[in-house]
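To start, the structure itself, in structure tokens.
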Protein chains: 2
Amino acid sequence: MRYGYAEGLGDPRLGALWRQLGHSEPVEGLAAVIAGVAAAPADLDPDRWLDLLNVPHDGELATRLRRLRDRAAIGDPGAAGDRAGRLAALRLELGRRQLAGFVVPRADEHQGEYVSARAQRLAWLTGFTGSAGLAFVLRDRAAIFVDGRYTLQVRAEAPAELFEFRHLVDEPHAEWLTAALPRGGRIGYDPWLHTADWVEKARTAIGPAGIDLIACEHNPIDQIWGDQPPPPLAPVVPHDLRFAGRSSADKCTELAQTLAARGVAAAVLTQPDSIAWLLNIRGGDVPHTPVPLAFAIALADGSVDLFVDRRKLLPATLAGFAGQVRVHPGEALGAALDGFGSSGARVLLDPTASAAWIFDRLHLAGALIVREADPCLLVKARKNPVELDGIRSAHRRDGIALVRFLRWLESQPPGGGLTEGEAAGRLLGLRREGDLFRDTSFETIAASGPNAAVVHYRVGPDGGRRLERGELFLLDSGAQYLDGTTDVTRTVAIGEPSAEMREHFTLVLKGHIALATVRFPQGTTGTHLDSLARRPLWQAGLDYDHGTGHGVGSYLSVHEGPQRISKMHNPVALQPGMILSNEPGYYKSGAYGIRIENLVAVEACREFSAPVRPMLSFETLTLVPIDRRLIVAERLDRAERDWLDDYHARVRRILTPRLDRATAAWLDQATRPLGS
Amino acid sequence: MRYGYAEGLGDPRLGALWRQLGHSEPVEGLAAVIAGVAAAPADLDPDRWLDLLNVPHDGELATRLRRLRDRAAIGDPGAAGDRAGRLAALRLELGRRQLAGFVVPRADEHQGEYVSARAQRLAWLTGFTGSAGLAFVLRDRAAIFVDGRYTLQVRAEAPAELFEFRHLVDEPHAEWLTAALPRGGRIGYDPWLHTADWVEKARTAIGPAGIDLIACEHNPIDQIWGDQPPPPLAPVVPHDLRFAGRSSADKCTELAQTLAARGVAAAVLTQPDSIAWLLNIRGGDVPHTPVPLAFAIALADGSVDLFVDRRKLLPATLAGFAGQVRVHPGEALGAALDGFGSSGARVLLDPTASAAWIFDRLHLAGALIVREADPCLLVKARKNPVELDGIRSAHRRDGIALVRFLRWLESQPPGGGLTEGEAAGRLLGLRREGDLFRDTSFETIAASGPNAAVVHYRVGPDGGRRLERGELFLLDSGAQYLDGTTDVTRTVAIGEPSAEMREHFTLVLKGHIALATVRFPQGTTGTHLDSLARRPLWQAGLDYDHGTGHGVGSYLSVHEGPQRISKMHNPVALQPGMILSNEPGYYKSGAYGIRIENLVAVEACREFSAPVRPMLSFETLTLVPIDRRLIVAERLDRAERDWLDDYHARVRRILTPRLDRATAAWLDQATRPLGS
């Protein structure tokens, strides 16, 4: 027991209350559950975890347990600490293991975008808290590799006397490693924290220089991180059929048919959102994405083996698994994989997303690995009609919150001292008032003036910059509702915008409209469509350095594959039901940033009758006015003006009946036709 | 001696004339040269081959040799013949070799688009003469696999009682093979006629079914094809520096630096246009593309080993090689590859374009093969300023021919009986009158009415369809000039076009203009730009089933990589100096076809000053009016109208001083501003 709360367990009154409720397990078992609950992100419902212990929310026991939980609260792994001491301890450990170095990624066993506190090894070791990065620690050198988003942040967070800073893409770590190490060097890695693809590529890159990658059974950081949080234990709840639209049994049956058609005995699922989708469950083990950390094996007979800490399953969740889903502890996964080896079975595994550990275990066991994309990805991406209805409904509520926020923002005196953080907090408060709200879908970007030119800006603990007159305020935010995930960006003028700001805003808007109105034949990918959103900027010699659109889940990840709209090659054709963002932008370094983001759903284009080829188009889902003060109406052609006026009329028509009179009057003004 | 001309060699007068000229070689050596010359496509200069023999063009010997050459003329391998007998002979040969089957591609040793008569094995065996296809001949079944362009043609040309017809993409031959053959089947292939990549992929596809691919040292078809033409012997001539713009020595030095930087000892060049570009030579061994069939090894010291039949090198060509290029017979290639093996050298080879034979030989010899794209590709694609000047000049002459043709065509009475073949012939005659004309750059597509909806339509030996009133005539043609390669498509109205034709022509034009006027940042690929040309059609529910643009060589192949503009993934960024076609279209099956094609060159965009990011744009090279009668002017926006009027004004300004008065007057009318 490394946690301070353990002492509270000795309280005899607690034990009495616990036994009074009919619990026969020893009271000490509570400690680990409470530690796991404390290692998960905060839940909007602060008492739901008590259901895991079958404890009523209103009794004395609950009060005492809450107190224990509060005492168990974990620290921020990225907070200030003795980095030099940690690095020295790691090097000592490497020496014991006869390793020349060790690689520390910002990843957990599931390779998702968000990770739990326990997996924040990179932040704990280096101080760097960005969402992507990699450190190589050698005996006498160490380097952190980050991409262009984080070149400034890494220097602010990690001590330069301990770490070199390198660019993840422009300065491949293979070159750094081969220059830093003699032949015969052995670099350790944790096979749970890298994909099979990553390990293969790294081996190919450094192998010729005589450097070997050694899989470490036990992560050396876990051995030196004294107060490392335990794996999170957020409650796993059923996702209601009125939101999911299809029963888990139905999904499992379809998946089983897919597997049988491919001649594979099973698929190993390692991505928590695939598992959550397939089993109609949700969790809360990582920030912003309502998934439980778990593994699963889907079999060709339609049944599923789920590998998860049973302590986080609510009784209703277990009841929902009846018959089809067998629950095993996480530690049983290895033995289950071995079983496929002894029968020489063909097993599907996604080498781009699955931990190398699983790949190696299957391979060593003798299974035939079929390297294909996670078979849930594409089905999950094509939302069913119930999910589409849900996302439309979520956008109505999200639109109300945004409209109320925009009206409030406009009522603030320009230059009146409002900070970015206060604005973001106000919006969160308004969203919370909506039905079915559960969480934000990512950390809000509330960026004023030059901060908005930093594409991945986040407000710091100081509350951020004040919104000043004559600036642009960029607000990129989203919510997790039980019936859908939202993501919207609006850029608004604070006071009077400059002519250049309006000019560039209008170019971004033209690109946004080009994408919103495009029709395209089946087989078209997001890579094909990306240039349509950029062309108005290109014609003016401008561009933006991010993708134009990402896939979005249904009360799941706000960044969901396999589809996307970007310059990067993506072979996945857009298909009806897929949800994507449409978010062109323009950023003037040191001055301002502009982005206009709506979510859209791919739909069959209804304008054409049978004889022509089947075409697809986008239905815009987001319902939030676009700042008319920033539009140069004369720069829009007739079709573009029509789109904007129609969009605003739709926003007004749908939201007005749901607004109070004053807000409705504001919306009426904000959405009036251009030129009126 | 399998050729009838051999008998002429006995003529004592011929021998006397031959010796009179001071030749010491026996007169019999002439036979093989003449056979090789006859196996090459016809040269615009019908006597140039006499220079290979050092024979004056005006003497009696020349007259007698010409007579021998005419007698040596080869037949068309695709012409009617005893297909059943040939197939039976092939099966007999397969039986002798204990092969279950043999694969016959439409390819030669260089995997180019055009092949010599000798390599027309597929046409000889099956009758199918399309430019892409593959036959599998088993003991009791045979199938031809062709793509969508050729599904009709293959049925018309190949006997259905002997061959099954399959789709190359939708019906993978691996599936057909594994269904047709039991485990243990051995399929022969000629390793000279398939790329290393093809063989690897085929092995992977059929291996699991227990079917093996066996490399055949001698092609069984060559053993049964009694009058198979010999390899072609078209004269190899120097390509003048005033056209090439850079000396071969300069190119070899740059290539050597590239090889040294990659740590490779040599690159094996197997693509004739790369070799022709590198050595500043041109040939005539295949139709339409002025290249000599040859192999080369470029060494990191800047020298080149050229493997070619020395008999086709003109003295001036040999003289140009001085010092830098060593000439070896083609048979010496294998031994040269072995040399890299014994030294364990790293050798660059393009597995997507090089014969498996070369790959295997290098591999077996022990060389380390670096699998990369042909290192000439990208440098060759970026035309130098002299080449760009040349291509502009070539387009002026090409424009004059086209304008004279269009005026002539308009003067023909609609419905007056003019055939597609006559129109194509007239254009060829006009092009021949221009300076530096050498050949057409591909077989002209002259398609009227419904024929134009067949994207790869070719006029048959009957002269094709008559041009009828109320139809569209689509003419896609190009020329090989010494200073550049052209490719242009115009669609013109014969009599009065329908409203629908004009509507669709205008949509195609809008797409053409969108691409012609786009500006784009460095790093943009053709895949990114493709949708811009399609969007106007997409909005109307239409599309076209071909790429939007292909690379074009400089007096080389009219289809040149690595760049292209299409839906297909292509990672190559467009770079200044690259030439591409811009050719959107629309095809209404059974009714009409529309295509508007100009060539464009990528250039640095000059509109922007330093502070914005570097942008690129296209310079339109083609100078031919676009049929105003087919444009619905009101459907164009202001910028589109401006582009068309500006383009027409430029065509008029550049061509008028070079035209006779009557043609100039016609051009004046054809290029007047819209609405005037």
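Residues in the stretch B:303-314 that are open to solvent by 70 Å² or more (accessible area, probe 1.4 Å) and touching a residue at least 60 places away in the same chain (Cβ under 8 Å): 1 in all. Of the residues making up the stretch B:496-506, those that are open to solvent by 10 Å² or more (accessible area, probe 1.4 Å) and either of a type in the set (Ser, Thr, Tyr) or part of a helix (DSSP H, G or I) (or both) number 7. Of the residues in the stretch B:617-628, at least one is within 14 Å of chain A (Cβ to nearest Cβ), under 24 Å from the mean Cα position of the chain (by Cα) and surrounded by 16 or more Cβ atoms within 10 Å (Cβ to Cβ).
Scanning the stretch A:175-199 for residues that are buried (at least 17 other Cβ atoms within 10 Å of the Cβ) and assigned to a helix (DSSP H, G or I) gives A:176, A:177, A:178, A:180, A:196, A:198, A:199. Scanning the stretch A:257-290 for residues that are more than 23 Å from residue A:555 (Cβ to Cβ), open to solvent by 20 Å² or more (accessible area, probe 1.4 Å) and of a type outside the set (Lys, Arg) returns A:257, A:258, A:260, A:261, A:263, A:265. Taken together, B:122, B:94 contain a single residue that is in contact with a helix residue (DSSP H, G or I) (Cβ under 8 Å, 6 or more places away or on another chain) and either among the aliphatic types (A, V, I, L, M) or closer than 29 Å to residue B:43 by Cβ (or both), which is B:94.
Among the residues of the stretch B:313-328, how many are modelled with pLDDT under 95 and part of a strand (DSSP E or B)? Going through the stretch B:313-328 one residue at a time, the tally reaches 0.
Apart from one condition, residue B:63 fits all of (1) in the same structural domain as residue B:11 (by TED's automatic domain parsing); (2) closer than 30 Å to residue B:164 by Cα; the exception is (2).
Filtered by the rule that a residue be modelled with pLDDT of 95 or more and either part of a helix (DSSP H, G or I) or of a type in the set (S, T, N, Q) (or both), the stretch B:365-386 gives B:377, B:378, B:379, B:380, B:381, B:384, B:385, B:386.
Just to verify a result, which residue in the stretch A:480-495, among those that are assigned to a loop (DSSP other than H, G, I, E, B) and modelled with pLDDT of 95 or more, is most open to solvent (accessible area, probe 1.4 Å)?
Ranking the candidates gives A:482 first.
Taking residues in the stretch B:40-69 that are more than 25 Å from residue B:118 (Cβ to Cβ), and partners anywhere that are of a type in the set (Asp, Glu) and open to solvent by 20 Å² or more (accessible area, probe 1.4 Å), the pairs with Cβ atoms closer than 6 Å and at least 6 places apart or on different chains are B:57/B:47. If you check A:500, A:471, A:496 for being over 19 Å from residue A:644 (Cβ atoms) and within 14 Å of chain B (Cβ to nearest Cβ), only one passes: A:500.
Looking across B:564, B:534, one residue alone is basic (Lys, Arg), buried (at least 21 other Cβ atoms within 10 Å of the Cβ) and under 30 Å from residue B:236 (Cα atoms). It is B:564. When B:51, B:70, B:58 are screened for being exposed (fewer than 14 other Cβ atoms within 10 Å of the Cβ) and assigned to a helix (DSSP H, G or I), only B:70 passes. Inside the stretch B:543-602, residues that are within 14 Å of another protein chain (Cβ to nearest Cβ), small (Gly, Ala, Ser), more than 18 Å from residue B:113 (Cα to Cα) and assigned to a loop (DSSP other than H, G, I, E, B) make up a count of 4.
Would you mind finding the one in A:396, A:458, A:404, A:392 that is out of contact with any Phe, Trp or Tyr (no Cβ under 8 Å at 6 or more places or on another chain), at pLDDT below 95 and open to solvent by 40 Å² or more (accessible area, probe 1.4 Å)? Just a single option satisfies the conditions, and that option is A:458. Considering the stretch A:200-223, and only residues there that are free of Cβ contacts under 8 Å to residues at least 12 places away in the same chain and part of a loop (DSSP other than H, G, I, E, B), the residue that is least open to solvent (accessible area, probe 1.4 Å) turns out to be A:218.
Checked against the criterion of being in a loop (DSSP other than H, G, I, E, B) and open to solvent by 60 Å² or more (accessible area, probe 1.4 Å), the candidates A:79, A:107, A:42 yield just one match: A:42. All of (1) assigned to a helix (DSSP H, G or I); (2) at pLDDT 90 or above hold for residue A:18 with one exception: (2). Within the stretch B:629-648, the set of residues being within 32 Å of the chain's Cα centre (by Cα) and either within 14 Å of chain A (Cβ to nearest Cβ) or within 26 Å of residue A:544 (Cβ to Cβ) (or both) comprises B:643 only. Which of the residues that make up the stretch B:224-238 are under 21 Å from residue B:135 (Cβ atoms) and surrounded by 15 or more Cβ atoms within 10 Å (Cβ to Cβ)? Within the stretch B:224-238, B:224, B:225, B:228, B:229 qualify. Looking at the stretch B:660-669, is at least one residue of a type in the set (Phe, Trp, Tyr), touching a residue at least 60 places away in the same chain (Cβ under 8 Å), in contact with a strand residue (DSSP E or B) (Cβ under 6 Å, 6 or more places away or on another chain) and not in a loop (DSSP other than H, G, I, E, B)? No, the stretch B:660-669 contains no residue that is of a type in the set (Phe, Trp, Tyr), touching a residue at least 60 places away in the same chain (Cβ under 8 Å), in contact with a strand residue (DSSP E or B) (Cβ under 6 Å, 6 or more places away or on another chain) and not in a loop (DSSP other than H, G, I, E, B).
The values are calculated or read from the model by the stated rules, or taken from the named source; none is laboratory data. Just so you know, these numbers come straight off a predicted model, no measurement behind them. Using ideal geometry, Cβ is built from the backbone for each residue, glycine included, and neighbour counts are taken over all protein chains shown. Remember, those area values only see protein heavy atoms, side chains included, never the ligands or the DNA or RNA. Shrake-Rupley method; radii C 1.70, N 1.55, O 1.52, S 1.80 Å.
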